[in-house]
Structure formats: structure tokens, C-alpha cells
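Below is one structure; the comments refer to it alone.
The values are calculated or read from the model by the stated rules, or taken from the named source; none is laboratory data. Note that the coordinates shown come from a computational prediction; the quantities given were computed from them, not determined experimentally. Here the Cβ positions follow ideal geometry from the backbone for every residue, glycine too, while neighbour counts run over all protein chains shown. Protein only, heavy atoms only, side chains kept; ligands, DNA and RNA dropped before computing areas. Shrake-Rupley method; radii C 1.70, N 1.55, O 1.52, S 1.80 Å.
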Amino acid sequence: KLMKALRERIKELNCLYGIARIVEGAGQSLDEILQRTVDLIPAAWQFPEATSAAILVGESEYHSEGYADSPDSQAADIKARGRKVGEVRVAVSGDVVTGGNPFLEQERELLGAIGERLGRIVERVRAAEALQDSEERQKAITASAQDAIVMIDNGGMVSFWNEAAERIFGYAGEE
């Protein structure tokens, strides 16, 4: 019985480490991160062959293979900046347990931890997207300005030179 409990905790840790590895991957969209995460979840539950998962964020839904709502399910909120932005759900299908709860207490805690982690991921990705949008708007505005705009970094190197600066100073930005 102790070995079975230890194996269950190892599966749960593997799930959390798997999510961390997914997030560490460069250049992934939020959609890719959430789909890969939902695919990891069932293996961490005590009945992986009968378990499926779903992640709902905004209007988007991500499902593990064979996901179906079930009376035997549990859910945790996904919160970004203290506001609910979604939910992560785990469902067990079939009669895997007779006369009892198909979920371990530790699985409820794991689901809560996954929800918290996904909230931080959503916050980080959305902040990065907003920053990129802001930088693109700034570049568009400065590029269309009639006045010369030159940005110099902390090392004294020109980091931006708009078209007006090229006309006024007679040098191309690459120079």
C-alpha cells in the first residue's frame, strides 16, 4: 500500500515537472502550452486509462484524448491577476471504483496546483503579448513621425533610427 501511494505521488510530480518543461520551451503559443498540458494530466491520476481532462480559458477549450463530461469529475479555477479566466477539469469515465469517490485527496490538491500554475502561465503569456503589441505600436508611430527619432541604449549604441532621421542626417539605419 505504501509503494502504491509512492507511485501515485511520483506520477503527480511528473505531471508538474512536465508542465514546467512545456513552459520552458521557447516560442510556444498559449494554445500549444495548454493543449500539451491537458494531454499530460490523465497520466497523473490513479486511473489514467479512464481519466480525461479539459482546460477552458476564455472562449477556448482544450481536451485530452477521449474527453467527455462525467458525473465523476472535479475542477479547479484558473485565475490570472485574481480573476477567474478559466477552469481545468478532470473526469473519470466508467465504473472504475465501486461505491466511492474515484479521486484521491492528493489529486484534488494536484488539480488546484495545476490551476494555479496555469493562471501564472496565462498571466505571463498575455503580458508578453501585450508588451509585443505595445512595442509594435511604438515602432509604427515613431517610423511614421516627421521628426527625427533616435533611441540609444545604455551602452551608447543606436537601437532605433526612424526614416525621418535617415532623411535629416543622411544615413541609413543600418549604417
Seminar exercise, completed: Surrounding charge for E24, neighbours by C-beta under 15 angstrom, Lys/Arg +1, Asp/Glu -1, total +4
Seminar exercise, completed: For the range 7-81, the per residue accessible area (1.4 Å probe, Å²) is 54 Å²
For this session: Could you look at the range 77-175 and say what percent of its accessible area is carbon and sulfur, using a 1.4 Å probe and all protein chains?
Result: 48 percent
Exercise. Percent relative contact order of the range 75-159, based on C-alpha pairs within less than 8 angstrom and at least six residues apart?
Worked result: 26 percent
Problem set entry | Per-residue [θ]222 nm for the chain (sum of -39500 (n - 2.57) over DSSP H runs n ≥ 4, rounded to 500) | -16000 deg cm²/dmol
Seminar exercise, completed: the chain, Gaussian network, Cα under 10 Å: of E105, E12, E116, the residue fluctuating most is E105
Exercise. Considering only protein heavy atoms, what is the solvent-accessible area of F47 at a probe of 1.4 Å, reported in Å² to the nearest 10?
Worked result: 40 Å²
Exercise. Relative to the longest principal Cα axis of the chain, at what angle does helix 2-24 sit, 0 to 90 degrees, rounded to 10?
Worked result: 20 degrees
Exercise. So which lysines can K11 reach, going by Cα to Cα under 22 Å and dropping same-chain residues fewer than 8 places off?
Worked result: K1
Exercise. Using the beta-carbon distance between Y17 and E59 and R0 = 30 Å, what value does 1/(1 + (r/R0)^6) give for FRET efficiency, to the nearest 0.05?
Worked result: 0.50
Problem set entry | Rg to Rh, two decimals, where the range 5-94 supplies the alpha carbon set and Rh follows Kirkwood | 0.97
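When only C-alpha pairs under 8 Å and at least 6 residues apart count, what is the relative contact order of the chain, in percent?
Worked out over the chain, it gives 14 percent.
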Problem set entry | Solvent exposure, largest accessible area first (probe 1.4 Å, DNA, RNA and ligands not counted), of R120, R167 | R167, R120
Problem set entry | E24-E123 pseudo-label distance in nm [points 7 Å out on the Cα-to-Cβ vector] | 2.2 nm
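Under a 1.4 angstrom probe, counting protein chains only, how are E59, E107 ranked by accessible area, largest first?
E59, E107
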